[in-house]
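Enquirer: Got a structure for you, written out below as structure tokens; questions coming shortly.
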Amino acid sequence: MKPTEILGNEHRIIERVLSCLEAIAAQAKSAGRLDGRSAKDAVAFFRNFADRCHHGKEEAHLFPALEAKGFPRDGGPTGVMLHEHEQGRAHVRGMDENIAAAAKGDAAALRRFIDHAEGYVALLREHIYKEDHILFQLADRTLTEEEQQKLLDAFGKVEAEEMGAGTHETFVRMADELADRYGIAAATAAAPAGHYHCCGH
């Protein structure tokens with residue numbers, strides 16, 4: 001299992017919840033009110049699984065490994081990805097700040113939530129495509145087997161020490177529950193079993 005395969009499998013789970021977020025926003029548009037419970041679940045998933053866990057591994061370990069091989073941060077692929085991570089965090093904050101009022105039917109808050117949700121979905125789908133088809137392929141070609149093993153070990157520490165046992169499973173269950181709620185099909189590739197889960201064991 002390569003580090004990029006672990007990250008790619010996590011992308012499939014994230015994409016499933018992006019589809020849920022699309023459904024949440026569409027339902028909110030038609031109903032004039034937000035499903036606060038589902039919105040909170042989606043925000044919690046993106047903040048913890050997609051950002052702290054998945055992006056955390058990229059930012060602390062994958063990107064520095066590529067930069068050490070000569071890829072520049074300024075104007076290079078990792079710099080672009082980091083900028084998009086920050087844009088995504090701003091959208092997640094924007095969604096979170098408007099959930100309570102939007103769930104009560106506040107039209108302005110509902111509009112802001114929908115705008116951030118749609119912006120986040122578009123950003124993340126394009127971001128994932130670039131990582132899957134460009135950045136990860138660069139990493140596979142550039143990093144030696146030894147360097148990839150170091151990344152795998154580092155990913156394991158992120159899961160065990162930074163996120164904590166069971167965290168990965170908690171958020172995958174949340175993704176499954178949201179997907180069931182909105183009729184979203186299962187991810188095409190599940191996260192690998194065993195030591196190298198995103199978070200926890």
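Enquirer: Any residue at all in the stretch 109-118 that's assigned to a helix (DSSP H, G or I), under 30 Å from GLU67 (Cβ atoms) and among the acidic types (Asp, Glu)? First the steps, then the outcome.
Expert: First pass over the stretch 109-118, keeping only residues assigned to a helix (DSSP H, G or I): 109-118.
Right, trim to under 30 Å from GLU67 (Cβ atoms) and you get none.
Looking through the stretch 109-118, none of the residues is assigned to a helix (DSSP H, G or I), under 30 Å from GLU67 (Cβ atoms) and among the acidic types (Asp, Glu).
Enquirer: Cβ-Cβ under 7 Å, sequence separation 6+ or interchain: first residue in the stretch 30-57 and over 22 Å from GLU86 (Cβ atoms), partner outside any helix (DSSP H, G or I). Which pairs?
Expert: Pairs found: GLY32/GLY105; ARG33/GLY105.
Enquirer: Here is a further query. Across the stretch 109-132, which residue is nearest to ARG33 (Cα to Cα) among those that are surrounded by fewer than 19 Cβ atoms within 10 Å (Cβ to Cβ) and acidic (Asp, Glu)?
Expert: This residue is ASP115.
Enquirer: Find the residue count for the stretch 1-42, including only residues that are within 24 Å of GLU58 (Cβ to Cβ), of a type in the set (A, V, I, L, M, F, W, C) and assigned to a loop (DSSP other than H, G, I, E, B).
Expert: So the first thing to find is which residues in the stretch 1-42 are within 24 Å of GLU58 (Cβ to Cβ), and the list is 1-22, 41-42.
This time we only want the ones that are of a type in the set (A, V, I, L, M, F, W, C), so: 1, 6-7, 13-14, 17-18, 20-21, 42.
Okay, now just the ones that are also assigned to a loop (DSSP other than H, G, I, E, B), so 1.
Of the residues in that region, 1 qualify.
Enquirer: Among the residues of the stretch 141-149, are any in a helix (DSSP H, G or I) and either among the small types (Gly, Ala, Ser) or closer than 27 Å to MET95 by Cβ (or both)? Can you show your working first?
Expert: In the first step, residues of the stretch 141-149 are kept if they are in a helix (DSSP H, G or I); the result is 141-142, 145-149.
Cutting the leftovers down to either among the small types (Gly, Ala, Ser) or closer than 27 Å to MET95 by Cβ (or both) gives us none.
Checked the stretch 141-149: no residue is in a helix (DSSP H, G or I) and either among the small types (Gly, Ala, Ser) or closer than 27 Å to MET95 by Cβ (or both).
Enquirer: Which residue out of GLY56, GLY79, GLY75 is assigned to a loop (DSSP other than H, G, I, E, B) and either on the phi < 0 side of the Ramachandran plot or among the small types (Gly, Ala, Ser) (or both)? Can you show your working first?
Expert: Details: GLY56 fails: assigned to a loop (DSSP other than H, G, I, E, B); GLY79 fails: assigned to a loop (DSSP other than H, G, I, E, B).
After applying the criteria, what remains is GLY75.
Enquirer: Scanning the stretch 173-192 for residues that are assigned to a loop (DSSP other than H, G, I, E, B), within 19 Å of HIS54 (Cβ to Cβ) and not β-branched (Val, Ile, Thr), which turns out modelled with the highest pLDDT? Break it down into steps so the answer makes sense when it comes.
Expert: So the first thing to find is which residues in the stretch 173-192 are assigned to a loop (DSSP other than H, G, I, E, B), and the list is 183-192.
Then keep just the ones that are within 19 Å of HIS54 (Cβ to Cβ); that gives 184, 186-192.
Right, trim to not β-branched (Val, Ile, Thr) and you get 186-187, 189-192.
On the way: ALA186: 71, ALA187: 56, ALA189: 44, ALA190: 41, ALA191: 39, PRO192: 38.
Checked the stretch 173-192; the qualifying residue modelled with the highest pLDDT is ALA186.
Enquirer: Report whether or not PHE136 is more than 30 Å from SER30 (Cβ to Cβ), assigned to a helix (DSSP H, G or I) and of a type in the set (Phe, Trp, Tyr).
Expert: Numbers: more than 30 Å from SER30 (Cβ to Cβ): yes; assigned to a helix (DSSP H, G or I): yes; of a type in the set (Phe, Trp, Tyr): yes.
In short, yes.
The values are calculated or read from the model by the stated rules, or taken from the named source; none is laboratory data. Predicted, not measured: the structure shown is a model, and the values here were computed from it. As a convention, Cβ positions derive from the backbone with ideal geometry for all residues, glycine included, and neighbour counts pool all protein chains shown.
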